[in-house]
1. Taking only DSSP H segments of four or more residues, each worth -39500 (n - 2.57), what value at 222 nm results for the chain once the sum is divided by all its residues, to the nearest 500 deg cm²/dmol?
2. Is the chain best put as rounded, prolate or oblate by its Cα gyration tensor, with a ≥ b ≥ c the root eigenvalues, rounded for a/c under 1.5, and otherwise prolate when a/b is larger than b/c, oblate when not?
3. How much of the DSSP bridge set in the chain is antiparallel, in percent, rounded to the nearest 5?
4. For region 58-134, calculate the relative contact order in percent as a whole number, restricting contacts to Cα pairs under 8 Å that are 6 or more residues apart.
5. If you rank 244, 295, 29 by fewest surrounding Cβ atoms within 10 Å, what's the result?
6. With a 10 Å cut-off between alpha carbons and a GNM built on the chain, which of 327, 83, 278 moves the most?
7. Taking the alpha-carbon centroid of each part, what is the distance from region 329-358 to region 282-306 in angstrom?
8. What whole number of Å gives the distance from the Cα centroid of region 60-79 to the Cα centroid of region 177-219?
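The numbers here are math on the coordinates, done by the rules we state, and not lab data. From a predicted model like this one, the values you see are computed outputs, not experimental measurements. Every residue, glycine among them, receives a Cβ derived from its backbone with ideal geometry; neighbour counts consider all protein chains shown.
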């Protein structure tokens, strides 16, 4: 569905909101974002748009709002991508890659130290998710759009969420129980310890039950997950593992933390926004980005090869949704960037620039950051979130 009933969405703003059901805490912010974008569109504030409007934009939706056939169509397309031949392996850039899905894993591994804690973090991953969505559509016949994982739904017990119930309408289950000594997460010396959960082993149920992953791990956070002995991009077949962590979700995936990003103190400018989103690791604060990966845990605990878990793309669609909300509510700041070109500026490096290329080949053409700041700029993007 592309056509958006703007009046229905905007009506949410008119009614006072006294309480929210779990997972709906961003509904009023969402309506305000659509209203702000509609006003900007009417005033011509966006300039040339290559025909993209709020009414013909792709609509990305909450996984929980999809029908059963829509969920099956999505996971079916992902499994199709897992059967398509790799482009990276043929090029020699990732000798361990075996399929098109691995091409996305390989591109992420190869650039990890220049796309996290950097000035291009938000736009790089925005383009990455868009390229994946396009691969599902163009190479596997998927006629929907990339769904997002609503972090706030089932936040107290994500392990009990329908998304992880192992049914044929889920993103598969937790891993089977396998004892391990917890996990650690963080990009500084002060790592956060995460207690082990009820999983830790292979995912055996649902659309990705018994899935084989091939690349990484490089720097796994979960205890017992061994580093790839042949190197990051070497062939290393193993099962997809998870250890879904309710503990992590309860600590960091809170309405207060998400609202702080969109309308609170962290929303002041792009630097405060992205620093809070990615995590204040020196303070032991994981942020919603890092905690999302550590909620799934297992393969997702490795900053390099977290893409091995198909939930990566739903998680990062939500990261992009929060960025989109922030941009819509802060239009004078929306196209600013902040940060350097190395992870947490280590080693020290220059500031990122709008003409810096975001490298996505062979999954999408390389483009400058300036092309990737608006989801309704029309080239290449034309999508919104509901």
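1. Here the helix-only value at 222 nm equals -10500 deg cm²/dmol.
2. Judged from the Cα gyration tensor, the chain comes out rounded (a/c under 1.5).
3. 75 percent
4. 18 percent.
5. Placing the least packed residue first, the sequence is 29, 244, 295.
6. Highest fluctuation among the options: 83.
7. 21 Å
8. Centre-to-centre distance over Cα atoms comes out at 24 Å.
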